[in-house]
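Asker: The structure's right below; bear with me while I get my questions together.
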Amino acid sequence: MPDTRVHLDQAEHNERFFGSFDQTTYSDWAVTVLFYAALHYVDAFLAHAGFKYPGGHHTRDGLVNSVTQLRTISTEYFRLKNRSSSARYYSSRFPARDVERSRNTDLENIKRHIRGLLPYAADPR
């Protein structure tokens with residue numbers, strides 16, 4: 001599994017990408033990018049905590065549901081995952097309010113929570 005810093009860097013990279021395109025026109029990609037940022041925040045915690053690389057979504061989902069520190073953000077994580085899956089597999093598009101909630105509520109809650117678990121990562125580079 002890549003180390004914690006690699007996952008944090010990828011999450012931040014995905015967030016910068018989110019800001020580089022029109023989220024209204026590409027709402028499907030917007031929610032997908034936000035989900036993958038969230039995934040890397042979760043993986044950053046898992047790497048820090050010494051968990052073996054989850055390998056796939058199914059294993060990671062189980063950890064989000066069962067690891068005490070991650071259950072706090074499970075609602076936000078799975079809401080992002082479900083929107084991303086709907087976009088990728090069902091060609092769903094989302095109103096601006098859903099994209100905004102995905103970014104400003106769901107991802108921000110995940111990011112804040114994970115950074116709080118990783119004291120050295122409280123301030124992004």
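Asker: Quick one: what pairs do we get from the stretch 32-57, first residue among the hydroxyl-bearing types (S, T, Y), second at pLDDT below 95, C-beta under 7 Å, 6+ apart or different chains?
Answerer: Matching pairs, first to second residue: Y53/M1.
Asker: Would you please name the residue that is farthest from the chain's Cα centre (by Cα), looking only at residues in the stretch 90-125 that are modelled with pLDDT of 95 or more and aromatic (F, W, Y)?
Answerer: By that ranking, first place goes to Y90.
Asker: Further, regarding this structure: Going by the structure shown, is R112 surrounded by fewer than 19 Cβ atoms within 10 Å (Cβ to Cβ) and closer than 26 Å to D28 by Cβ?
Answerer: The answer is yes for R112.
Asker: How about the stretch 60-93: which of its residues are surrounded by fewer than 14 Cβ atoms within 10 Å (Cβ to Cβ) and more than 22 Å from R115 (Cβ to Cβ)?
Answerer: G62, N82, Y89, Y90, S91
Asker: If I ask for residues that are outside any helix (DSSP H, G or I) and over 14 Å from the mean Cα position of the chain (by Cα), which ones from the stretch 62-80 would you list?
Answerer: V67
Asker: Answer yes or no as to whether L8 is touching a residue at least 12 places away in the same chain (Cβ under 8 Å), over 12 Å from the mean Cα position of the chain (by Cα) and under 25 Å from P119 (Cβ atoms).
Answerer: No, not satisfied.
Asker: Out of the stretch 20-59, which residues are exposed (fewer than 14 other Cβ atoms within 10 Å of the Cβ), of a type in the set (G, A, S) and either under 15 Å from the mean Cα position of the chain (by Cα) or part of a helix (DSSP H, G or I) (or both)?
Answerer: Within the stretch 20-59, just G56 meets the criteria.
The values are calculated or read from the model by the stated rules, or taken from the named source; none is laboratory data. This one's a predicted model, so the numbers in the text were calculated from it and none came from an experiment. Here the Cβ is made from the backbone with ideal geometry for all residues, glycine too, and neighbour counts use every protein chain on show.
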